[in-house]
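The structure under discussion appears below in the form of C-alpha cells.
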C-alpha cells in the first residue's frame with residue numbers, strides 16, 4: 001500500500017510554490033522532508049493528506065485517489081504545528097476536547113496510548129490551548145500523530161518548542177511505535193542533525209522542487225568537503241558535482257556529491273572530510289560565500 005503523487009503543482013497568486021512533484025512513499029519507512037523556510041514542505045504535506053487540493057497532478061493511496069475519499073483518508077494523519085490564536089479558533093479549546101475530536105475521526109485511535117502520553121508529557125488537558133506553551137502545543141500534535149494509528153502519518157515540525165530532553169523522548173517514542181506497527185512516518189523538521197539517525201530516507205525540497213531523495217546514509221556517504229588552495233581544490237574536484245563554494249583569500253572549500261565509482265583526487269594538496277546530514281543539506285540549499 002504505497003502513497004504516490006504524480007506531477008503535483010500548486011499555484012498561489014500566479015506563482016507555482018510546488019513544481020511537478022512526484023513521490024512514491026513506501027509502507028514501513030520513516031522519511032524526513034527537509035527544506036528551507038518557504039520551500040513548500042507544509043503545502044506538500046497538506047496536499048498528500050487531502051487537506052489542500054493540488055492545482056495539477058494526482059495523489060493516490062494504494063491506487064485510490066485521496067481527495068474526498070473517506071475510506072482512504074482514515075489511513076492518513078497530518079499532525080501539523082498548532083497556532084492557538086484567535087484566527088485559528090483554538091484559543092478557548094482545551095487539549096482534552098481537541099483529542100476527543102481527533103479520536104472520533106481516526107477509527108483505530110489508541111486510547112491507552114493517549115493516557116500514557118498525557119502522563120509522560122505532563123500535559124494539562126484542562127488548560128485552554130491559548131495558554132499553553134509552544135512546546136506543550138507540540139506535545140498535543142505528537143499525541144494525535146501517534147495515537148491515530150494511521151498507516152501513513154505526517155508530522156510537521158513536531159519538536160518545535162520542545163527542550164532537548166523532550167525531543168529525545170519524542171524520537172524514542174516514534175521508534176517504539178514504528179517498531180511495533182511498521183507504520184510509515186514522514187517528518188518535516190528544521191532540527192536536522194538531531195533527527196538524522198531516525199530518518200531512513202530523506203526528501204529535500206528546495207524552491208518548490210525535489211532536488212534530492214533516497215536513503216539517508218547513502219546520501220550522507222556520497223558527500224565530501226574538500227578544502228585547500230583554490231587551484232588544488234579545483235583540480236581535485238574536476239568533473240565532480242560541486243556545491244557551496246566558500247573562498248577566503250586564496251583558500252577554498254567546496255562540498256562535492258560523488259556518484260558511484262567517483263572519488264576526489266587526493267594527489268593534490270587538499271583536505272577531504274566526511275560531512276553530516278545537516279552539512280550536506282546546507283551545501284545543496286545554502287548560499288555560496290566569498291571573502
query = Of everything in region 43-72 that's in a helix (DSSP H, G or I) and at pLDDT below 95, which residue is surrounded by the most Cβ atoms within 10 Å (Cβ to Cβ)?
reply = 72
remark   = For region 248-273, the count of residues that are touching a helix residue (DSSP H, G or I) at 6+ places or on another chain (Cβ under 8 Å), in contact (Cβ under 8 Å) with a residue 40 or more places away in the chain and either on the phi > 0 side of the Ramachandran plot or loosely packed, with under 15 Cβ neighbours inside 10 Å (or both) equals 1
inquiry  = Looking at 108, 85 in this structure, which one is within 15 Å of residue 145 (Cα to Cα), in contact (Cβ under 8 Å) with a residue 24 or more places away in the chain and touching a helix residue (DSSP H, G or I) at 6+ places or on another chain (Cβ under 9 Å)?
reply    = 108
Odd one out for residue 141 among (1) surrounded by fewer than 19 Cβ atoms within 10 Å (Cβ to Cβ); (2) in contact with a strand residue (DSSP E or B) (Cβ under 6 Å, 6 or more places away or on another chain) = (1)
note = The correct count of residues that are under 21 Å from residue 41 (Cβ atoms) and surrounded by 14 or more Cβ atoms within 10 Å (Cβ to Cβ) in region 84-103 is 0
query = Does residue 158 satisfy the criteria of being within 19 Å of residue 119 (Cα to Cα), surrounded by 20 or more Cβ atoms within 10 Å (Cβ to Cβ), outside the structural domain of residue 286 (by TED's automatic domain parsing) and touching a residue at least 60 places away in the same chain (Cβ under 8 Å)?
reply = yes
message = Pull out all pairs, ordered by first then second residue, where Cβ-Cβ is under 6 Å, the residues are six or more apart or on different chains, the first lies in region 166-183 and is in the same structural domain as residue 119 (by TED's automatic domain parsing), and the second is surrounded by fewer than 16 Cβ atoms within 10 Å (Cβ to Cβ).
response = 182/28
query = Going through region 153-199 one residue at a time, which ones are out of contact with any helix residue (DSSP H, G or I) (no Cβ under 6 Å at 6 or more places or on another chain), at negative phi and part of a loop (DSSP other than H, G, I, E, B)?
reply = 163, 183, 190, 191, 197
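Per-residue answers, yes or no, for (1) closer than 30 Å to residue 41 by Cα; (2) touching a helix residue (DSSP H, G or I) at 6+ places or on another chain (Cβ under 6 Å); (3) in contact (Cβ under 8 Å) with a residue 40 or more places away in the chain; (4) in a strand (DSSP E or B):
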| residue | (1), (2), (3), (4) |
| --- | --- |
| 205 | yes, yes, yes, yes |
| 212 | yes, no, yes, yes |
| 218 | yes, no, no, no |
| 227 | no, no, yes, yes |
| 231 | no, no, no, no |
| 235 | no, no, no, no |
| 238 | no, no, no, no |
| 242 | yes, no, no, yes |
| 246 | yes, no, yes, yes |
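The values are calculated or read from the model by the stated rules, or taken from the named source; none is laboratory data. Predicted model, so just to flag it, every value in this text is computed and none were measured. Cβ atoms come from the backbone with ideal geometry, glycine included; neighbour counts cover every protein chain shown.
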